[in-house]
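Structure first, then comments.
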2 protein chains.
Amino acid sequence: MSHPHPELSLPPALPAGGLRVVALGGLGEVGRNMAVLEHEGRLLVIDCGVLFPEDNQPGVDLILPDFEYIRDRLDDIEAIVLTHGHEDHIGAVPYLLRLRQDIPLVGSQLTLAFVEAKLKEHRITPVTLAVKEGQVEQLGVFECEFVAVNHSIPDALAVAVTTAAGTVLHTGDFKMDQLPLDGRITDLRAFARLGEKGVDLFMVDSTNAEVPGFVTPEVEIGPVLDTVFGQADKRIIVASFSSHVHRVQQVLNAAHNHGRKVAFMGRSMVRNMGIASELGYLTVPEGVLVDQRRAAELPDDQVVYMSTGSQGEPMAALSRMANGDHKVQVGHGDTVILASSLIPGNENAVFRVINGLIRIGARVVHSGNAKVHVSGHASAGELLYCYNILRPRNVMPVHGEVRHLVANGALAVRSGVPADRVILAEDGVVVDLVNGRASVVGAVPCGYVYVDGSSVGTITDAELKDRRVLGEEGFVSVFAVIDTATGKVLAGPQILARGMAEDNAVFQKVLPELTTALENAIEGGASDTYQLQQVMRRTVGRFVATRLRRKPMIVPVVVEA
Amino acid sequence: MSHPHPELSLPPALPAGGLRVVALGGLGEVGRNMAVLEHEGRLLVIDCGVLFPEDNQPGVDLILPDFEYIRDRLDDIEAIVLTHGHEDHIGAVPYLLRLRQDIPLVGSQLTLAFVEAKLKEHRITPVTLAVKEGQVEQLGVFECEFVAVNHSIPDALAVAVTTAAGTVLHTGDFKMDQLPLDGRITDLRAFARLGEKGVDLFMVDSTNAEVPGFVTPEVEIGPVLDTVFGQADKRIIVASFSSHVHRVQQVLNAAHNHGRKVAFMGRSMVRNMGIASELGYLTVPEGVLVDQRRAAELPDDQVVYMSTGSQGEPMAALSRMANGDHKVQVGHGDTVILASSLIPGNENAVFRVINGLIRIGARVVHSGNAKVHVSGHASAGELLYCYNILRPRNVMPVHGEVRHLVANGALAVRSGVPADRVILAEDGVVVDLVNGRASVVGAVPCGYVYVDGSSVGTITDAELKDRRVLGEEGFVSVFAVIDTATGKVLAGPQILARGMAEDNAVFQKVLPELTTALENAIEGGASDTYQLQQVMRRTVGRFVATRLRRKPMIVPVVVEA
C-alpha cells in the first residue's frame, strides 16, 4: 500500500480523459467529510461535513473542510451530492453555499429535508434535486447512479460516478444490517452489477475497519429496551443521537408496549423527528407522543423522555438533569438509558453525567452494561463482503483517522486487491485515475478551518496555541506609561495576573527591577514602544520562570502619554 | 443501600470504643486514595495517593487528598499503611510528610522502596517499617494484620485492622489472578479465617465492579507477546506502566526467547526496574538488558525498547517517537506494542500517538486489537467470591467514581449483605463503626487540593474557571491613564486582545464610545479607579457580546498618573 507522503508537491495538470479525486476532509480524521471529483474541467463535490473539535482546540465550535482548493473554481461545480443527513456529511454545506448559493444539492428526500432545515437557520434557500436509490442522473460530465445503503440514519445513499475515466463508487457511511427496521438493506445486487461492469475506484468508509466481525442488527436493541422498560416503575429518560430515527422508533414502540407516553426533549430532537414523521420515516403509534407540559402531568410510570445529550454535552438536557438544573427533575428510582455510542474524547463528560445521575439515585443503562447501541459503520467482516463482491481495480479508503484508513487498506489487500492499487491518502492529497489506474500525483494545501462563534477561518493554529497557554498557565499583563516628551516613566510599571495560581502581591517583588530596567533602556537610547515592551517582557519573564517556575503568557503594554 | 448525602453536617463525637472511618480521597474518583481510621483518639492512615487531573482542570499537575481534617491532629497519627506502590496510593506521601516528617510508613519491601525513591526527590528520609504477608503489628491502638493480595504491581497487601470496635478489612487495590507470575495469590485462606472470626467492616476496591466475570490471568499475555515478537523482523517498542513489573518480566522473557536485547526508556521505567531487579521482583535473563547506546548499535531485529508513555503523555518517549522527535527514530516495519489499558480521558492523546506511529509505517498492537493487557482490579465475579468467603457485617466500597461504588454495593447486596449495612460514602463522609454496626454520622469538608508547579493548594476552583474562560475565549485588556489632578483621560483608552479569534483592529470601533463613557463617568463624579474600571468593563463587555458575540475575560486597568 502506498502510504501518504506529507512532502508531496503541487500536482501536474490532470491528463485529458482522466479523473481527479481530492478529499478536502475526512482522510485523517472522523468528520468534515468532503471529496472533490474533477473531469474535463468540471467538479463534483461528494458530501460537505463538519468535524467536532478536540480538547486541544479550545473554544472552537466546528472545524470545516478547507475550501481553498476550489475557491477560484466555484463556477465549475456541477453539484454537491450528499450521501446522508449526518452533520459530518452536511454540516459545512451552509459555509460552501455562502461562497456560491446556487450550487445544486443532490440527495435523498430525508437528507435534503435535514440540510434544508439547517440552511433555513442560515437564511439560505438551496437549489435541490431529490433522488432515490436506483435513479441515474447526468450531472454535467458526471453520470451518477444512486445505490441504497444502510446506516444509522434512514435514506442513505452510495453514489457510483461514471465518466470517460471509469466508474468511481463512493459508499458514504454505511453498514450491512441484514434485518434493518425499514427493510432497506445495502443494495448488494447493485454492488454486484457494478462489480461485473467494473469499478475503477472504490472509495469506502473506514470507520470500523479495525473492528473484527459484523455489526449486530439494530432490531436486536428492541427486546433490550423492552426488558429495561418492563423493569422500570418510575420515569424513563432515553438519550440518543437526534438523527437516529430507527433508534427513536424502537423507543416509541417500547413505550407503546408498556403504556407510556413519549415527550421529545432538545431542539434538534424535536425538529428532526418532526421532519422524519412528516415524511414517513418515523411511525408514531397513535397517541404516544405528548409535549413536555403534558408529560409533566402524567404519573411517573407512564412517561418516557426522549432526549439529546448522550455525549455529555454540558448544555444538553441530559447533563442539566444530572446536575439538577433542568425542569425535569430526575429522582430516585428513575431509569436513564444512554442508547448511543461513547465517542472517543467524550468519556470524561459522559461519565460525569452518569455519576451525577447515579448519585441522584437513578438507574443508568448504557452501552457499557447493556446492548442498547450498535454502530452505524461496517465492520471488517462486512467490508470484506464488499471487496469480494465488487473486486474493485483501485481502492481508496475514506472516512477515518490514519489507523482506520490503514486497517481498511489491509482488508482490501487481504481480499486480493494488489497492494499498489490501494491508495492511502490524507486530506489534500491528489489522486488521479488515468487509464484505469489510480495514483497519488501530488497534494494541495488543506488545513483545518475553525469556526468560533460568528468567525470562520479567523482562528489560526497559533491562536489556538495562545489559548492553550492561557488556559494552562494564565497570563501576566505589565503596563507602564512613558512620557514621550521626557522619556520618563510617568506611571507604573504595574502588573496584573490572572489564572496563574499566584497572589498578585508576589509581583511587587519585581517592580523595582522593572523600573530600573526601563529607565536603563531609555537612558541607553531605547525609545520606541516595541523596544520597551521587550524589556518588560524579558524582565518579568525571567522573574516568573526562575522565581515562580511558571510560563504564563506575558503581555507588556507601554502607553505613551 | 444508603446513598451519600451531600447535605451532611459535621459529625458528633465518636462514641467511646467506636471506630471512625473518613476517606479523604478515592470515594468519587479513581485516585488520591486515602482513608483515616480513628480509635481512642489515635489515627491510622491507609494510603495517601494522588489523582491525575482531567481536561477541565487545565494546568493542574496533580490533585491531592484534602489534609485539612487531620492538619491539627498530625501528632495523633500512629502510621501510614501503604497497600502498594502505585502513584494513586503513595503519590501524596511527600506532601503529608512535609507537615510531619516522622510519621512511620508501613508497607511491603517493594512498596517502601518505591515510596523512598519518590521521597528522595523531595529530600525526605522517612521512618519506615517493612512488613510481610501474615505479619501482625501493633501500631498503637491498631492491631494490623497484613494479607497478600495480587495486583498489577508485586508485593501488594490488604490490611486487617483490629481494635476494640471490631475488625476492618481494607483490600487496597487487588484482583484474584489464580495463576500469577510470582505465584503470590490473593490469600483467600486468610480471608476465610478473618471471615470466620468476623469482619465488621469490609472496605473493598470498586474499580471493576461494573465489569462482569473474571480478569484474564496476566500469564496469558506471554504467548500473545511471543506471537507478535515472532512476526516482527525490525525493531520492537513496548510501552507500558513503569511499575508493572510482571508485564515487563514477560517482555524480557519474550525478548530472550527471540534473541533480542532490551533497553529501558524513560526515567521512571529505568528507576523502578532497577529497584525491582535489585530486590528480586524482576528476573532479568542473563545478558538481555542493554543500555540505549548499545541498543542503537544492534541490528533492528535484535532490539526491544521498553518504554513509558502508554497513555499518550506528550513528553514521554513514545509520543516523541510518534512525532519523530526522539533519538530512537521509529521507521517503516517497526512494531509498537501498547501493553496497557486506555485510561478514560486519554483516548484522544493515545489515538494521536497510534496514528502518528501508523503514519510512519509502524505496526501498532494495542489492547483494542490484541490481548496485550489485563486489568489489575477484581471484576464482579471475583468480588462475589470475596463477599461470600468473608460474609462481612458491614461493607464500604472504596476506590472509584460513584458508578463504581454503587455497582460494588449492589454486588454486596446480591451476595446477602443487608442493604442497610452497605455504606455508600463519598470523600469526607464520616462513617462510625459502633457496636458492630457501621453508619454515616456526618461529613467533614473535603475539597480538591491542586498542585501546579511548586504551588500546593493555591489554585482554587474559581481560578480554574478563569483558566477555562481564558482557554476557550481569550481575554481583552483595556487600559486608560487618568490624570488624578485634572480627572482627565491622559492616555488611552487602549485595547489589547489575545486568543480571541479577532483582529485587534476590530476594537478601534469601540474606542470613541469608551472615551465618552469614561469622560461622562468622571464628569458624573466617578473618581476612584474601581469605578472607572467597571465603566470600561461594561462598555467593552457590551461591545464584544453584541457585536462579536463573544464572552472573553475582560481585564480593565486604570493607571493613575
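Restricting to the range A:59-82, and then to whatever is of a type outside the set (A, V, I, L, M, F, W, C) and crowded, with 24+ Cβ neighbours inside 10 Å, can you tell me which residue is farthest from the other protein chains (Cβ to nearest Cβ)? So that I can check it myself, show each step before the final result.
Of the range A:59-82, the ones of a type outside the set (A, V, I, L, M, F, W, C) are A:59, A:61, A:65-66, A:68-69, A:71-73, A:75-76, A:78.
Among the residues that remain, those that are also crowded, with 24+ Cβ neighbours inside 10 Å are: A:59, A:65.
On the way: A:Gly59: 4, A:Pro65: 19 Å.
Per the stated criteria, the residue is A:Pro65.
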Taking the range A:437-459, which residues are over 30 Å from A:Val417 (Cβ atoms), in contact with a strand residue (DSSP E or B) (Cβ under 8 Å, 6 or more places away or on another chain) and more than 8 Å from chain B (Cβ to nearest Cβ)?
-> A:Tyr448, A:Val449, A:Val451, A:Val456, A:Gly457
Identify, please: which residue in the range A:16-33 is within 14 Å of another protein chain (Cβ to nearest Cβ) and open to solvent by 20 Å² or more (accessible area, probe 1.4 Å) and is, among those, farthest from A:Asp205 (Cα to Cα)?
-> A:Gly28
Residue that is nearest to B:Phe52 (Cα to Cα), among those in the range B:428-452 that are crowded, with 18+ Cβ neighbours inside 10 Å and small (Gly, Ala, Ser) = B:Gly428
Give the residue that is nearest to the other protein chains (Cβ to nearest Cβ), with candidates limited to residues of the range B:465-492 that are among the β-branched types (Val, Ile, Thr) and surrounded by 21 or more Cβ atoms within 10 Å (Cβ to Cβ).
-> B:Val481
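What about B:Val544, is it modelled with pLDDT of 85 or more, buried (at least 20 other Cβ atoms within 10 Å of the Cβ), in a helix (DSSP H, G or I) and away from chain A (no Cβ under 14 Å)? Give the steps one after another, and end with the answer.
Working: modelled with pLDDT of 85 or more: yes; buried (at least 20 other Cβ atoms within 10 Å of the Cβ): yes; in a helix (DSSP H, G or I): yes; away from chain A (no Cβ under 14 Å): no.
Considered against the rule, which asks whether it is modelled with pLDDT of 85 or more, buried (at least 20 other Cβ atoms within 10 Å of the Cβ), in a helix (DSSP H, G or I) and away from chain A (no Cβ under 14 Å), B:Val544 comes out as no.
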Options A:Ala190, A:Ala255: the member that is part of a helix (DSSP H, G or I), touching a Gly at 6+ places or on another chain (Cβ under 9 Å) and either free of Cβ contacts under 8 Å to residues at least 60 places away in the same chain or open to solvent by 50 Å² or more (accessible area, probe 1.4 Å) (or both) | A:Ala190
B:Val406 fails exactly one of the following numbered conditions: (1) open to solvent by 20 Å² or more (accessible area, probe 1.4 Å); (2) in a strand (DSSP E or B). What is the number of that condition?
-> (2)
Would you confirm whether any residue within the range B:330-345 is under 22 Å from the mean Cα position of the chain (by Cα), open to solvent by less than 30 Å² (accessible area, probe 1.4 Å) and closer than 19 Å to B:Leu188 by Cα?
-> no
Subset of the range B:210-236, residues open to solvent by less than 50 Å² (accessible area, probe 1.4 Å), under 16 Å from B:Lys371 (Cβ atoms) and not charged (D, E, K, R), comes to B:Gly213, B:Val215, B:Thr216, B:Pro217, B:Ile221, B:Gly222, B:Val224, B:Leu225, B:Val228, B:Phe229
Is there any pair with a first residue in the range B:493-507 that is at positive phi and open to solvent by less than 30 Å² (accessible area, probe 1.4 Å) and a second that is in a helix (DSSP H, G or I) and of a type in the set (Gly, Ala, Ser) whose Cβ atoms are under 9 Å apart and which are 6 or more apart or on different chains, and what are they?
-> B:Gly499/A:Gly471; B:Gly499/B:Gly471
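Here is a check on your reading of the model: is B:Leu383 within 10 Å of chain A (Cβ to nearest Cβ), in a helix (DSSP H, G or I), surrounded by 21 or more Cβ atoms within 10 Å (Cβ to Cβ) and in contact with a strand residue (DSSP E or B) (Cβ under 9 Å, 6 or more places away or on another chain)?
Details: within 10 Å of chain A (Cβ to nearest Cβ): no; in a helix (DSSP H, G or I): yes; surrounded by 21 or more Cβ atoms within 10 Å (Cβ to Cβ): yes; in contact with a strand residue (DSSP E or B) (Cβ under 9 Å, 6 or more places away or on another chain): yes.
Criteria not met by B:Leu383.
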Out of the range A:303-323, which residues are of a type in the set (Gly, Ala, Ser) and either within 23 Å of the chain's Cα centre (by Cα) or surrounded by fewer than 22 Cβ atoms within 10 Å (Cβ to Cβ) (or both)?
-> A:Ser307, A:Gly309, A:Ser310, A:Gly312, A:Ala316, A:Ala317, A:Ser319
Restricting attention to the range A:258-270, and to residues there that are over 23 Å from A:His84 (Cα atoms) and either in a loop (DSSP other than H, G, I, E, B) or among the polar types (S, T, N, Q) (or both), which single residue is modelled with the lowest pLDDT?
-> A:Met265
Only one of these conditions is not met by A:His326: (1) under 26 Å from B:Glu29 (Cβ atoms); (2) under 25 Å from the mean Cα position of the chain (by Cα). Which number is it?
-> (2)
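The values are calculated or read from the model by the stated rules, or taken from the named source; none is laboratory data. These numbers were taken from a predicted model, which means no experiment stands behind them. All Cβ positions, glycine included, derive from the backbone under ideal geometry; neighbour counts span all protein chains shown. Each accessible area value is taken on the protein alone, full model and side chains, heavy atoms only, with ligands, DNA and RNA left out. Shrake-Rupley method; radii C 1.70, N 1.55, O 1.52, S 1.80 Å.
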